[in-house]
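Notes follow the structure.
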Amino acid sequence: MGRLTGKIAIVTGGGGLGIGHGISLELARDGAHVVVVELDVPAAEKICARIQAEGGKASFLQGDVSRAESIRAMIGKVIEEHGRLDVLVNNAGIGLIRPPADASEEEFDRLMSVDLRGVWLCCKCAIPQMQRQNSGSIINIASVHSRATMRNYGLYAAMKAGVAGLTRGIAAHYGKDGIRANTVSPGLVDSPQNHEIIAQFAPSVEGWMRNFVEQAQALPWLIQPQDVGRTVAFLASDDARSITGAEIPVDAGTWIRLPGEN
């Protein structure tokens, strides 16, 4: 019996091979029935098949977190089919590498619609059911960019800082209803998405990542998607029953390093 046996968990952006993949796997391995919410149907089917092959429980819904009607329909269907919602993981997100003054209004609006507004809307739709249950765990995926950033990432950092602030506000307001809310902020994760981003500006993705690990992290290895997933599974479980409003970095010690110490 896992810590999450009998729990119903939604993971937005839970398909693919990155952080969402790791979260979906680890929640299922801990016993939860994972509802993978994805725009990419083949990716969702692939992760659900893997979970089921391991003996876990998973299903998927096609959903777009940038559209309020899609979110309402998705959460409504989960509650209709399962009668409850125990865990909400807001993982779906997009990136933007652009100097703040160079970004277009359309780029800003698109980034906000997914990375911040989408998180808020999912929480808004899930909280009433969690209030009826007098229980629930919300885990919002931010980034180390929520506190410290670098050139060209200013707008992305703004959205992730907003996610962390929103999470604290939810934790403070809804704790009396038995609802916990926490933020997980990953560092450089070994994922296809990050490989694609780094390839835009580095001649060697492997070389750039190796240098980042050596220069920016305290721990000398690349973070894997399952590292994030295991942290999320802990926060979703009763083992974390007294943790709320926290922002937990899964960053191999990036935040604690001062630049130039080498």
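Things to note:
- For GLN52 and HIS195, a Förster radius of 41 Å and the Cβ-Cβ distance give a FRET efficiency of 0.90, rounded to the nearest 0.05.
- Distance from region 9-27 to region 144-220 (C-alpha centre basis), Å: 16 Å
- When the chain is treated as a Gaussian network with alpha carbon springs shorter than 10 Å, the biggest mean-square fluctuation among ILE51, ILE243, ILE127 belongs to ILE243.
- Straight-distance candidates among the lysines for linking to LYS57, with alpha-carbon spacing under 21 Å and chain neighbours fewer than 8 residues away dropped: LYS7, LYS46, LYS77.
- GLU206 versus TRP255: modelled label distance in nm, points set 7 Å from Cα along the beta carbon direction: 3.2 nm
- Candidate values [x] 18.5, 56; [y] 17.7, 56; [z] 17.2, 51, label of the one derived for Rg and Dmax of the Cα atoms in Å: [y]
- A Förster radius of 35 Å combined with the Cβ-Cβ distance from HIS82 to SER113 puts the calculated FRET efficiency at roughly 0.80.
- Compared with the dominant Cα axis of the chain, that is its longest principal axis, helix 225-236 is turned about 40°.
- With contributions of -39500 (n - 2.57) from each DSSP H run of at least four residues, the per-residue ellipticity at 222 nm computed over the chain stands at -14500 deg cm²/dmol.
- Counting only Cβ charges, +1 for Lys and Arg and -1 for Asp and Glu, the dipole size of region 20-71 around its Cα centre is about 140 debye.
Readers should treat all values here as calculations from the given coordinates under stated rules, not as data from a laboratory. Just so you know, these numbers come straight off a predicted model, no measurement behind them. Because the Cβ atoms are built from the backbone with ideal geometry, glycine has one as well, and the counts that use them run over all protein chains shown.
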